Structure formats: structure tokens, C-alpha cells
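Bear in mind that the values in this text are calculations on the coordinates, not laboratory data. Just so it is clear, the model here is predicted, and its values are computed rather than measured. As a convention, Cβ positions derive from the backbone with ideal geometry for all residues, glycine included, and neighbour counts pool all protein chains shown.
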Amino acid sequence: MDLGTHVLASFALTRAAFPRAPRSVLPVACAAGIIADVDGISALFGPSAYLNWHRTYTHSLFAAVLVAVLFAVVYRFVAPQQLQSRFAVLAIFVLTLLAQCLHLLLDVCQPENVLLFWPFNAAEIAEDWLTFVDPVILSVLVAGILLPLLFRLVIDEIGARDKKPRGKVGAIIALVVIALYIGARAMFHANAVAALDSRTYQGELPHRVAAFPVSTSPLRWNGIVETESALHEITVSVAPGASFNTEVSVTIHKPEASPALDAARNAPIALAFLRFARFPKATIEKTEAGYRVQLQDLRFAAAGSSRREIAAFFELDSAGKIVRQELVWARDLRRR
């Protein structure tokens with residue numbers, strides 16, 4: 001999820017769970033709500049570092065607990081005693097832990113893998129319910145935070161006194177609406193996956209299917225279907241009465257097996273990439289010196305997020321021996 005959504009979600013969480021928290025605590029909660037994304041710095045060191053670090057260790061529940069402890073310790077020794085008397089160290093620990101868990105929950109709902117249970121379990125989770133920037137969630141958070149402030153300004157203007165915690169009800173409503181919205185998207189996603197899995201594609205049964213969200217409508221999903229000989233890209237609607245025609249899918253045929261393709265797929269870089277990729281697409285091209293092989297993950301295009309898409313690139317000689325291999329940004333492939 002984007003940075004702005006995480007900040008607003010952490011702000012709303014603080015208002016909902018700790019409505020009487022001092023204003024000076026809000027930046028702490030917002031910092032805790034985005035700290036997991038520090039792994040994005042790995043992009044500065046190239047695709048390989050990004051593949052190894054992004055949404056891995058800092059996006060785990062184990063790391064969330066450790067970071068919450070760190071926040072609490074720093075707060076204990078840095079925060080003024082007067083502030084600690086109003087908002088205890090234990091409260092800081094709970095608040096920062098909740099903010100991080102909310103961050104992880106939102107990220108798990110997206111198409112990119114999250115190593116949630118590291119180091120106890122290496123399973124990577126991606127539910128494919130939400131886009132990376134969801135306008136509905138952003139709008140609900142903004143409304144849930146700003147509207148109570150506007151109402152309070154009106155109350156103050158007419159001279160009425162309101163001793164209720166500031167923004168609590170609006171924040172609770174916003175978080176409940178978001179939870180219901182995500183639940184609805186999860187239901188629509190299950191329907192889309194079932195529809196994709198129930199058809200045949202050019203006479204072949206699906207081996208694997210996935211449905212990726214579209215930001216403009218929870219009823220439209222970008223589907224990917226893998227069969228024995230091809231990968232199919234198709235848009236499916238789960239609106240009542242919507243038609244679903246597999247003949248309009250975009251078909252990408254898998255390349256025929258060859259020594260050059262096998263050599264590339266068995267290379268260490270390819271194995272690392274294939275552990276990460278969900279719908280790998282291989283292309284092989286004959287060159288004057290030998291062969292060029294590229295591996296990409298169709299998930300990124302279907303999910304509408306290709307800014308930091310990673311691909312694997314190989315050059316082989318005429319005998320099928322790898323002479324060059326590297327992980328690259330997919331946007332750079334067309335320059336090669």
C-alpha cells in the first residue's frame with residue numbers, strides 16, 4: 001500500500017484506539033505505521049537487493065514486535081516524564097505494534113508477496129484483493145479524519161463545549177467501513193477466481209488461476225490463467241448478469257523446450273526469480289552470438305504495478321552456455 005494510506009491509517013487507528021493520546025504521540029504512531037517500508041531503500045542497490053529485501057524481513061510480525069519494543073525503550077529514555085505520565089510506555093508499545101500490524105494487514109491484501117511469519121515460516125502471502133493505491137480506502141480515511149475536525153470547528157464557533165475524545169467516532173467508522181470494503185473485495189475476488197477456474201481455454205483446463213484487482217471497480221478483475229501450453233490474460237466481471245468469454249483472452253504461448261531455455265531456467269539467478277514469480281513468462285530469441293532469454297512475471301502487469309518489476313536476463317553462446325546473467329528492472333529490458 002502507498003505511503004499516504006499507511007500514514008492516514010495509523011492516524012485513524014490512534015484516534016480510534018487511543019482517543020485521548022497527546023498530539024505529540026501521533027507522529028510516533030505514523031512513523032511506526034510506515035517503518036516496515038524502509039526495505040524499499042533496497043531498490044537503490046539494484047534489482048537483486050530489492051528482490052531479497054522488499055516485503056521480506058521488515059514485513060514480518062516478528063520484526064513488528066521487535067520494532068515496537070525499540071519504540072517503547074526509546075520513549076522510556078527520551079520522552080519527558082510529564083508526557084510519560086499522560087501516555088505510558090506500555091501504551092506506546094501497544095500503539096506502535098498495532099500500527100505495524102495494520103500496515104502488514106493492508107499489504108497482505110495486495111498482489112505482492114509478504115513474508116509475514118518470518119523467521120518461523122517461509123510462506124509468502126498475497127491475497128490479491130486490493131490495488132497498491134486504493135482510492136476508496138484513501139477517501140474513507142480522509143473523510144473519517146477531516147469531517148470530525150470540521151464538525152469540531154463548527155461546535156467551537158457556536159461556543160458549545162464538547163468534552164468527548166477528538167475524532168474517535170469518525171476514526172472508528174472509517175476503519176469499520178474499510179474492513180467491510182475489504183471483506184466485499186475478498187468475496188468478489190473469490191467469485192472471479194471461481195469463474196476463471198471453471199472454464200477451458202483453447203481446449204485446455206487451467207493449471208493455476210489468479211485474479212488481480214482493478215482500482216476503478218471491485219467488480220472487475222484482471223485474470224491470469226496458466227494451462228499446459230500457454231498463459232492467458234483476460235478481464236472478468238463479477239457483476240450480476242456479466243458475460244465471460246474465454247475467446248477474448250490474450251494468449252501467450254509457452255516457448256518450446258530447448259537446451260538454451262533449460263540452461264537459463266536452471267541458473268542460480270533464474271531459480272531465485274522463479275521462487276518469487278507467480279506467473280513467469282519466458283521468451284527466447286536467437287542472436288548472432290547465440291541466444292537471449294528473458295523471464296518476467298505477468299502478475300505485475302495484471303496488477304497494474306510495473307514501476308519496480310524485476311526480470312531475469314540471460315545471454316548464451318551458440319552452444320547454449322550462459323555467458324551473462326543478471327536480474328534487471330523490467331523497464332530496462334527494451335533497451336537491451
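When restricted to residues that are hydrophobic (A, V, I, L, M, F, W, C), closer than 25 Å to residue 303 by Cβ and outside any helix (DSSP H, G or I), segment 76-130 contains 12. Taking every residue in segment 30-53 that is without any contact (Cβ under 8 Å) to a residue 12 or more places away in the chain and farther than 22 Å from residue 15 by Cβ and pairing it with any residue that is of a type in the set (S, T, N, Q) and crowded, with 16+ Cβ neighbours inside 10 Å, at least 6 positions away or on another chain, the pairs with Cβ-Cβ distances below 6 Å are 49/42.
Find the residue count for segment 213-226, including only residues that are polar (S, T, N, Q) and either assigned to a helix (DSSP H, G or I) or crowded, with 21+ Cβ neighbours inside 10 Å (or both). Looking only at that region, the number is 1. A single member of 210, 194 is under 24 Å from residue 303 (Cα atoms) and not in a helix (DSSP H, G or I), and it is 210.
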